[in-house]
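Step one of this worksheet: look at the structure below.
Derivation of every value follows stated rules applied to the coordinates shown; laboratory data play no part. Owing to the predicted nature of the structure, the values given are computational and were not obtained by experimental measurement. Cβ coordinates were reconstructed from backbone atoms using ideal geometry, including for glycine residues, and neighbour counts include every protein chain displayed.
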Amino acid sequence: MDFSSANPLYLPLIFSLLGLFLGWLISSLFSRRRGGSAREKEGKEKKAYLKGVDYILSDDPDQAIKEFTKAVQINSDTVETYLTLGNLFRSKGEVSRAIRIHQSIISRPGLDEKTRLQALYGLGLDFKKAGFILRAISAFEEVISHDPVFLDAYIQLEDLFEKSKEWEKALATQLKINRLKRSKDGNNILAHLQTEIGKEFFQSGEYAKAGKNYKKALSFDEHCVDTYLHLGDLYFSQDRIQRAIATWKKAIKVEPSLSHLTYHRFEEAYLRLEEPNLLEDLLRECISRNYQDIQAHLALAKHLRRKGSVVEATRELEAVVAIDPHCIEARKELGTTLLEMGKEAEALKEYQGLLGTITLPTKNFQCNKCGYESGEMLWKCPQCLTWDTIGLKNSYS
């Protein structure tokens with residue numbers, strides 16, 4: 001058995017099955033008192049069971065299902081094997097079969113509470129996979145009502161509340177998760193959730209409540225870039241421009257790789273202050289810290305072009321193309337700038353280069369944990385469900 005190749009989705013199944021197998025080993029000590037047919041029946045069940053585990057470790061759910069089906073046909077009283085079958089069906093996308101199995105387990109008379117809650121938790125996962133959000137929430141809440149320290153149920157609930165944009169409930173659930181874990185590792189999640197609450201108040205024009213929530217978010221995690229960006233936006237909307245600029249600068253200081261999220265904000269702020277030279281100074285400073293920052297070069301090029309410094313703008317755009325020849329925006333800007341300079345031949349060359357890159361993917365953001373690619377900046381990876389792991393591709397190279 002190759003444990004290193006086991007699909008992580010199956011690890012909870014493996015642990016529960018190994019527990020069942022240990023029970024069998026203990027019971028086998030007394031098997032001499034049983035009749036030969038009973039021992040033979042148990043031997044066949046164990047054989048099918050172990051083959052099923054082996055297939056799970058080999059990431060072959062179809063064969064695992066066949067073996068576990070054999071095991072329950074031999075002995076229909078082994079609830080743990082049914083639980084495993086239900087989870088396997090869910091992992092394969094056969095959610096309706098998984099639901100039926102978990103519901104049949106829950107309805108068994110005389111079922112012990114621990115097993116019933118495991119089946120109910122599995123049913124919640126089935127509903128979640130099927131997209132029955134309210135039914136999934138109900139199942140997980142019932143699990144917690146009977147077992148207030150069932151950590152995995154809280155984790156699933158928090159994710160569902162996020163998906164439903166019920167930020168207050170998600171926040172309350174994450175607070176419980178932190179307490180159960182006795183850890184502050186989830187404080188960055190709390191900051192994001194509190195920020196989402198602030199954003200809703202901001203959108204409804206309740207600026208005082210928005211500011212209160214943003215500041216509360218920073219009390220959870222003073223490194224939350226998401227919070228600094230939107231707190232700065234709040235100050236900007238109140239015409240507190242210098243305060244907005246100072247807040248966005250904190251975002252850059254906290255996470256330089258996400259500086260690109262502030263550039264258009266600084267542009268608006270310095271234009272409002274009629275201080276365009278300060279924007280240029282800031283962008284040059286960002287480039288001096290990280291020459292590979294394509295977005296800083298692009299923002300500076302646009303600024304230089306607006307003020308008539310087309311030669312300098314061209315240099316910045318050429319720097320971008322040198323860093324990333326497939327940057328469509330840079331090639332497009334460079335072609336336009338060269339035309340303005342009367343360099344038609346060079347502009348044509350750039351537009352030809354643009355045509356050669358236009359079919360390439362434009363997903364510029366990537367999760368540094370699982371490799372998921374996105375066309376926009378996301379604070380939570382939709383694939384591995386981890387917060388604060390997505391950034392510009394070149395910032396992880």
* **Label-to-label distance, nm, for residues given as THR386 and SER145 (7 Å Cα→Cβ offset)** => 3.6
* Order of TYR270, TYR154 under a 10 Å beta carbon neighbour criterion, fewest first -> TYR270, TYR154
* Spacing of the two label points (7 Å from each Cα toward its C-beta) at SER96 and LYS212, in nm -> 5.0
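For a footprinting-style exposure proxy, rank LEU231, LEU279 by other Cβ within 10 Å, fewest first. Before the final figure, lay out the partial values.
Numbers: LEU231 27, LEU279 20.
Placing the least packed residue first, the sequence is LEU279, LEU231.
Would you mind ranking CYS367, CYS224 by Cβ crowding within 10 Å, fewest neighbours first? Please report the intermediate quantities before stating the final value.
Details: CYS367 20, CYS224 28.
Ranking CYS367, CYS224 by Cβ neighbours within 10 Å, fewest first, gives CYS367, CYS224.
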* LEU261: net charge of surrounding residues, Cβ under 14 Å, Lys/Arg +1, Asp/Glu -1, itself excluded? -> -4
* Positive dipole terminus of the stretch 88-154, leading residue within SER138, ALA153, GLY93 (C-beta point charges) -> GLY93
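Let a ≥ b ≥ c be the square roots of the eigenvalues of the Cα gyration tensor of the stretch 99-149; is it rounded (a/c under 1.5), or, if not, prolate (a/b larger than b/c) or oblate? Could you put the intermediate results ahead of the total?
Values: a/c = 2.63, a/b = 1.26, b/c = 2.09.
Oblate is the answer for the stretch 99-149, as a/c is 1.5 or above yet b/c matches or exceeds a/b.
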* Multiply the residue gap between ASN277 and ASN368 by 0.36 nm, knock off their C-alpha separation, and tell me the result in nm, one decimal place. => 29.3 nm
* Extension reserve of the LYS165-ARG289 stretch, reckoned as 0.36 nm per residue once the Cα distance is removed -> 40.9 nm
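Which FRET efficiency, nearest 0.05, do ARG135 and ASP112 yield, Cβ-Cβ r, R0 22 Å?
Working: r = 24 Å, r/R0 = 1.09.
Efficiency for this residue pair is about 0.35.
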* When each of LYS169/LYS393; LYS176/LYS199; LYS181/LYS250 is checked by Cα-Cα distance, pairs over 25 Å -> LYS169/LYS393; LYS181/LYS250
